[in-house]
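Remarks on the structure that follows.
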Amino acid sequence: MSNLKILNGRVIDPANGVDAIGPIYVEEGHIVVHEPPEAETIDASNLVVCPGLIDIHVHFREPGQSHKETIASGTRAAAAGGFTSVVCMPNTVPVADNTSTISWIQEKAKRTGVVNVFCAGAITKGLRGEELAPIGSMFFSGIVAVTDDGHCVQSHGVMRRAVEYAKMFGLPVLDHCQDYSLATNGVMHEGQWSIRLGLAGWPAAAEELIVDRNILLAELCQHPIHCQHISSAGSVRRIRQAKRRGVQISGEVCPHHVFFTDGCLAEFDTSFKMNPPIRSERDVEAILEGIADGTLEILCSDHAPHAPFEKEVEFDQAPFGIIGLETEFAAFCDLLVHRRHVISLERLVALYTLQPARLLHLNRGTLSPGAVADITLIDPDLDWTFHKEKSLSLARNTPFDGKTLRGRAVRTIVGGTTVWAIGEQR
């Protein structure tokens, strides 16, 4: 922890409506209004200075699957992507459905992590969708949300009880929207490309049916439900209509669901196999429209690392998921801000700071005086090429290998300490 003077940068702080050239001062790990003594000076000319980016959807695989990723390697990758805070999903081994496992993850993160690691607890025991996990005791252990991500509670009755239980503690409910009876054994989007390639199709309706369920339950229980990794046009339409009538429903977008379409699977590359699957151009356009009009208000990675040997198999047999922490902000900046002009840079920053902090009630996402000095410095015009061999993640399962993107975080500061800077090995 050190005192800092960050000078000459364009400060974008959506929580306070700030977008102006000016200094940011850090003393003893917190934002201050006065110039601190004996401070390190960082010249941020031509850079954006913003609250530390937040990713509310990552898988770090510990405990139980450290051959895929560890908290240490995952947080290093997060820092390299500009993220100062992440929220880990509970599909670990054992499942994070109890206070012991939650506490283990928190302690491991304190010892080996370089960014803030928040935990989401499971909705149901073992992610089996049958019996509620002890949500109350996990809340007191420090979880920030509940989800069965990687799985979806199929029983509407169980889900209703979960939402009502979570409401008692003010915990947002995050849901992986997938109706198993419709998705069946699908491995890619159901459409012309699944027919051409002879692969089992996964209809968009399998997502949309659960989105509808969540809208009904959010309205019935009067409590927020957040739909994870939205991929279909129908889901966007349903969320938009529900929000207009005041339902507490929200949705998030991952870069792969707007950067690629199902035609990318023509070579059977398992780097494009993810859950939910990448879909059609029509779905991509609808998601972009949803981001533009505020229907979808959070961006994230769904960082899902796998060991190389697990992905180097037939497409049907490969696990779902890709890594994304190091490329997500750049991919969205490149596509949404520079190429398609869907949103402004200020709005992009808000989708990674103000909005996730607001949803999960995190004391992050702002540069207000007194706030913890989690800060990201961004060069929005930097052209760079991502090479998976240089990734700080243990995994290499990414469709962004070799992609040239415009915009990148160049320094990541957590609690006043630089944990990653471009060109430096940390």
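Laid out as a table, the results:
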item: Across Lys167/Lys388; Lys167/Lys311; Lys110/Lys390; Lys110/Lys273; Lys5/Lys243, pairs whose alpha-carbon gap is larger than 30 Å; result: Lys167/Lys388; Lys167/Lys311; Lys110/Lys273; Lys5/Lys243
item: DSSP loop GluC sites (Glu not before Pro) with at most 16 other Cβ within 10 Å: longest gap in the chain; result: 132-311
item: Environment charge at Gly121 (Cβ cut-off 12 Å; Lys +1, Arg +1, Asp -1, Glu -1); result: -2
item: Gain upon complete extension [Arg340, Asp293; 0.36 nm per residue less C-alpha separation]; result: 15.5 nm
item: Fully extended contour minus Cα-Cα distance, from Phe268 to His34, at 0.36 nm per residue; result: 78.6 nm
item: Computed helical MRE - 222 nm, the chain, DSSP H runs ≥ 4 contributing -39500 (n - 2.57), nearest 500; result: -8000 deg cm²/dmol
item: Among Asn214, His306, Leu405 - extreme Cα towards positive end, dipole of the chain, charges at beta-carbon; result: Asn214
item: Charge tally in the Cβ shell below 15 Å around Gly263, where Lys, Arg are +1 and Asp, Glu are -1, Gly263 excluded; result: -3
item: Around Leu174: net Lys/Arg minus Asp/Glu count, Cβ-Cβ under 10 Å; result: -4
item: Label-point separation, Arg244 to His156 (7 Å along Cα→Cβ), nm; result: 2.3
item: Reach of Lys108 by Cα under 19 Å, taken over lysines that are not fewer than 8 positions away in the same chain; result: Lys68
item: Spacing of the two label points (7 Å from each Cα toward its C-beta) at Asp43 and Asp401, in nm; result: 3.9
item: Principal-axis tilt of helix 156-168 within the chain, Cα atoms, nearest 10 degrees; result: 30
item: Cut-off 16 Å, label 7 Å out along Cα→Cβ of Ser181, residues of the stretch 133-152 by amide N; result: 152
item: Degrees between helix 71-80 axis and first principal axis of the chain (Cα, 0 to 90, nearest 10); result: 60
item: Cα Rg over Rh - the stretch 312-426, Kirkwood; result: 1.00
item: Beta bridges per DSSP with both ends in the chain, % antiparallel, nearest 5; result: 50
item: Per-residue Cβ neighbour rank within 10 angstrom, fewest leading, Phe83, Phe259, Phe272, Phe309; result: Phe309, Phe259, Phe272, Phe83
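Throughout, read-outs are computed from the coordinates displayed, never taken from laboratory work. Here the structure is a predicted model, which means the values were calculated and not measured. Here Cβ is always computed from backbone atoms with ideal geometry, including for glycine, and neighbour counts include all displayed protein chains.
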